[in-house]
Amino acid sequence: MIKKKIIKYWLLIFFFNWYIFILLYIFIHETITDYLKDIMKKKILVAGGAGFIGFHLCKKLIRNNIVFCVDNLSTGNINNVKELQNNNNFYFIKKNIQKKFNITCDEIYNLACPASPNKYQKNPIDTIKTNVFGSINLLDIAKKNKAKIFQASTSEIYGDPLVHPQNEKYRGNVNITGVRACYDEGKRIAESLFFDYNRSANIKIKVARIFNTYGPYMNTDDGRVVSNFIVSALQNKPLLINGDGSQTRSFCYVDDTIKGIIKLMNSGKNILGPINIGSTNEKTILFLAKKIIQMTNSKSKIFFNDFKADDPIKRKPDVKLANKILKWKEKTSLEDGIKKTIEYFKKI
Ligand SMILES: NC(=O)c1ccc[n+]([C@@H]2O[C@H](COP(=O)([O-])OP(=O)(O)OC[C@H]3O[C@@H](n4cnc5c(N)ncnc54)[C@H](O)[C@@H]3O)[C@@H](O)[C@H]2O)c1
């Protein structure tokens, strides 16, 4: 009887020890893997991360990386930051990139610059300073950290293009002294700075020329055509077109633009850009207005204002380079993208 009891206790102790041992093993294994995962995560600085495209980019990057979002919130949205701050991989630093600073990082995305004509023309000298001093400061951080750096350039560097569609070799037709020059010329000098830092200091650069991008999380008061039309149509207010509406744009859904940006950042070391990222589905502004009225079942009427100074007549990228080098193609149809954007604006 006593013998049986002793055996039972021994067996209990034996299995209990194994149980403890397995638990201890799992605990140590998990802690070490978490620690290794954490130290292996890339540290990425996203300048302009609180803005429309920046928000979507940060949201994607925080899945596997530590993201430092640097933004002065001049056109960015604090609610975007609050949404991202739920994730432990996201850090927000309120800062103007025109001032020198440093952050230890492996990669830098520069998206800091107002992108809507209303916003960048409001304080044109500040727009130029952001593009010139801001780019220099970020390039210096890249130099210090030996980090790779991406520049969000724009189709606006082609100005009112005389070549159609616009390929990367076309040097553009910008009115140097016009009201849009603070943005167009600012972005052109930023591109020059990136290539000069690459040539003189061997900085690893990636330059994308982004064409009109739209989607959820655009600001309601942004002043850009897609958000303007949707917000007005949902309130049955007039849709105002500058000019006769025959000017064209090619609208790319934000998820597709983000994929292109990340593909370029992760491309081979000899690929510097510039590379066009945008939709080739060219439409007139009048078509867009009618489409949005139809898709929102709106009672809005279309009105025509004066044509805005230097507003490009035609805009369509040649994306052969992005197709070939990055294997990138837009996936979202205009109809699907507009539908998702309408749903977003209905909710807010
Ligand atoms: N959205 C488009 O269709 C489009 C097209 C071509 C290029 N781009 C480029 O992509 C980038 C992002 O565009 P977006 O549509 O998200 O614009 P956005 O205005 O929504 O975002 C820009 C962000 O930069 C921040 N910012 C501006 N100046 C700053 C400064 N000095 N210091 C720190 N932060 C500053 C703003 O607060 C904002 O959060 C811009 O550089 C823009 O030129 C956008």
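The values are calculated or read from the model by the stated rules, or taken from the named source; none is laboratory data. What you see is a predicted model, and the numbers here were worked out from it, not measured in a lab. Here the Cβ is made from the backbone with ideal geometry for all residues, glycine too, and neighbour counts use every protein chain on show.
Numbers for the structure displayed
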| read-out | value |
| --- | --- |
| Single match in Phe287, Phe304 (criterion: free of Cβ contacts under 8 Å to residues at least 60 places away in the same chain, assigned by TED's automatic domain parsing to the domain that holds Ala152 and over 22 Å from Ile157 (Cβ atoms)) | Phe287 |
| Tabulated pairs, the range 174-188, first in the same structural domain as Ile313 (by TED's automatic domain parsing), second hydroxyl-bearing (Ser, Thr, Tyr), C-beta under 7 angstrom, 6+ apart or interchain | Cys182/Tyr120; Cys182/Thr127; Tyr183/Tyr120; Tyr183/Thr127; Gly186/Thr127; Lys187/Ser153; Lys187/Thr154 |
| The range 226-278, residues that are among the polar types (S, T, N, Q), farther than 18 Å from Lys291 by Cβ and within 15 Å of the ligand (Cβ to nearest atom) | Thr257, Asn276 |
| Filtered residues of the range 311-348 (kept if assigned to a helix (DSSP H, G or I) and among the β-branched types (Val, Ile, Thr)) | Ile325, Ile338, Thr341, Ile342 |
| Any hit, the range 94-108, residues being closer than 22 Å to Asn276 by Cα and surrounded by 20 or more Cβ atoms within 10 Å (Cβ to Cβ) | yes |
| Some residue of the range 190-205 being within 10 Å of the ligand (Cβ to nearest atom) and either over 22 Å from Asp71 (Cβ atoms) or in the same structural domain as Phe307 (by TED's automatic domain parsing) (or both) | yes |
| Single condition Asn131 does not satisfy, out of (1) surrounded by 22 or more Cβ atoms within 10 Å (Cβ to Cβ); (2) in contact with a strand residue (DSSP E or B) (Cβ under 6 Å, 6 or more places away or on another chain); (3) not charged (D, E, K, R) | (2) |
| Filtered residue count, the range 271-315, keeping only those that are among the acidic types (Asp, Glu) and closer than 22 Å to Val254 by Cα | 1 |
| Strands (runs of 3 or more DSSP E) enclosed by the range 44-159 - at least 2 residues per element that are within 11 Å of the ligand (Cβ to nearest atom) and not aromatic (Phe, Trp, Tyr) | 66-71, 90-94, 148-154 |
| Residue in the range 82-95 that is more than 27 Å from Asp38 (Cα to Cα) and without any contact (Cβ under 8 Å) to a residue 24 or more places away in the chain present | no |
